[in-house]
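Since the structure comes first, as structure tokens, the remarks are kept for the end.
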Amino acid sequence: MPRELPPTAGLPLRVTDLLPGRAPFAERVAHWLGVEHLQLECSGTAAMVVALRAMHRLRPQRDEVVVPAWTCPLVALAIHRAGLKPRLCDLAANHFDMDTAQLASVVGEQTLAIVPTHLAGRVADVNAALDVAHQTGAYVLEDAAQALGATQDGRSVGLLGDAGFFSLAVGKGLTLFEGGLLLARDTVMRDAFAASHRTTIQSDAGMDWKRALELIGYAIAYRPSLLPLAYGRPLRKALAEHDPVAAVGDDFGPDIPLHTVSSWRQAVGARALPRLPDLLDVTRNQALRRVERVRRIPGISVFDDAPGQRGVWPFLLLTLPSEAIRDDALRTLWTAGLGVSRLFIHALPDYAYLRDIVPDTPLPNARNFAARSLTITNSPWLDDATFEAICAELERAVRGR
Ligand SMILES: Cc1ncc(COP(=O)(O)O)c(C=O)c1O
């Protein structure tokens with residue numbers, strides 16, 4: 001029977017999670033994270049729209065949002081939807097963090113917020129953003145979409161700056177199929193987020209049904225025996241059509257749903273939540289061993305935690321020595337059903353559908369990172385022997401034979 005591994009370590013749902021009911025989902029997640037309050041939104045993107053509108057109301061003369069040039073395209077769409085302008089900062093060399101020198105030069109009087117981004121579960125350099133923000137009066141909004149459960153010095157990410165958000169989309173560990181959680185450090189910002197929610201978000205029975213069915217579909221299909229159909233087939237079709245953007249699901253339209261989350265979906269999340277810490281422990285132990293293994297391959301970098309950081313591990317993020325080597329490795333691995341994939345295909349200006357939204361500036365490091373990076377799932381379904389086979393293929397590609 002064909003098997004397919006997911007590209008990230010999501011938390012599988014159980015039938016009993018899907019029973020009818022109500023539960024205070026955001027409160028329970030807040031309790032687990034040790035944060036005072038979380039505001040539930042229908043996606044990470046919606047959380048960002050709500051947050052940016054609130055910040056803009058507090059500082060209406062500022063209209064630019066500084067983001068890393070290699071990030072989720074939804075970030076640019078959220079900024080646009082909030083009526084603001086994305087301003088791109090190139091990455092540091094061979095890193096997903098923003099280049100600090102460039103950050104200092106793009107942030108100014110017009111900057112509403114800087115968005116350090118905790119990619120791949122790793123903790124971003126929020127202090128660099130805070131330094132620049134303090135000099136210019138900008139807010140720091142942490143994009144922790146991929147990092148629910150990650151901490152720095154024992155504190156949840158998302159509160160190192162002024163505010164942050166998590167995503168609960170498919171593939172992000174805990175999922176409501178789509179969902180987002182917003183958090184703010186002080187009560188002024190928290191109240192502003194609540195007010196922004198009231199004016200931005202409406203209930204939508206049609207979307208409640210759609211997301212409920214999608215969540216049930218996830219509960220059924222998120223297993224290696226059914227993922228060939230739900231994930232592998234569309235992936236292979238998109239790659240056969242030379243459409244890597246569609247293959248990784250980066251093909252977003254301008255429409256951003258902005259609606260409430262039904263109490264049933266909240267109850268499903270609340271029932272699954274107690275299993276999340278175990279998944280994070282299992283995937284962490286697995287990842288730490290595997291990072292060591294990947295490190296032994298010459299020329300490959302793999303992202304890890306610095307002292308004081310304790311990230312989460314949905315997948316391993318790697319860079320290879322060159323685009324040619326990365327593409328050589330992916331030629332077999334991407335379609336092999338082993339959970340090897342890419343994160344964002346392009347630097348933001350290189351998505352055709354963002355052309356009118358993001359400025360096209362020279363971004364050598366972001367483009368280089370897009371060209372040389374790949375991801376390996378950290379799903380517990382990837383066994384050690386298969387992981388070793390992936391490493392052997394990476395070694396072959398690096399050797400060039
Ligand atoms: C870094 C980053 N930011 C923002 C988002 C948007 O989150 P959502 O998909 O929940 O709207 C994502 C989602 O993939 C992401 O990876």
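Taking the stretch 136-157, which residues are farther than 18 Å from Leu112 by Cβ and within 16 Å of the ligand (Cβ to nearest atom)? Explain how you work it out, then say what you get.
Pass one, the stretch 136-157, residues farther than 18 Å from Leu112 by Cβ: 144-157.
If the condition is that a residue be farther than 18 Å from Leu112 by Cβ and within 16 Å of the ligand (Cβ to nearest atom), then Ala144, Ala145, Gln146, Ala147, Leu148, Gly149, Ala150, Val157 are the ones that fit.
Considering each residue of the stretch 160-183, count those that are away from the ligand (no atom under 11 Å from the Cβ), in a strand (DSSP E or B) and touching a helix residue (DSSP H, G or I) at 6+ places or on another chain (Cβ under 7 Å), and give that number.
Of the residues in that region, 2 qualify.
Which of the numbered conditions does Ala192 fail, given that it passes all the others? Conditions: (1) under 26 Å from Val132 (Cα atoms); (2) within 15 Å of the ligand (Cβ to nearest atom); (3) among the aliphatic types (A, V, I, L, M).
Here Ala192 meets the rest and fails (2).
Which residue is surrounded by the fewest Cβ atoms within 10 Å (Cβ to Cβ), if the candidates are limited to the stretch 21-41 and must be within 16 Å of the ligand (Cβ to nearest atom) and farther than 11 Å from His197 by Cα? Outline the logic, then answer.
Within the stretch 21-41, the first condition is being within 16 Å of the ligand (Cβ to nearest atom), and the residues that meet it are 25-26, 29, 38-41.
If we keep only those that are farther than 11 Å from His197 by Cα as well, we get 25-26, 29, 38.
Numbers: Phe25: 26, Ala26: 20, Val29: 23, Leu38: 26.
The selected residue is Ala26.
State whether one or more residues within the stretch 154-162 are farther than 15 Å from Val66 by Cα, surrounded by 23 or more Cβ atoms within 10 Å (Cβ to Cβ) and not small (Gly, Ala, Ser).
yes
Do we find a residue being in contact (Cβ under 8 Å) with a residue 12 or more places away in the chain, under 19 Å from the mean Cα position of the chain (by Cα) and closer than 22 Å to Ala120 by Cα anywhere in the stretch 380-392?
No: the stretch 380-392 contains no residue that is in contact (Cβ under 8 Å) with a residue 12 or more places away in the chain, under 19 Å from the mean Cα position of the chain (by Cα) and closer than 22 Å to Ala120 by Cα.
Of the residues Arg401, Arg331, Arg326, Arg396, only one is over 29 Å from Lys85 (Cα atoms), modelled with pLDDT under 95 and charged (D, E, K, R); which? Outline the logic, then answer.
Working: Arg331 fails: modelled with pLDDT under 95; Arg326 fails: modelled with pLDDT under 95; Arg396 fails: modelled with pLDDT under 95.
Checking each option against the conditions leaves just Arg401.
The values are calculated or read from the model by the stated rules, or taken from the named source; none is laboratory data. The model shown is predicted, which means the values in this text are computed figures rather than measured ones. Counting neighbours? That spans all protein chains shown, and the Cβs are built from the backbone with ideal geometry, glycine included.
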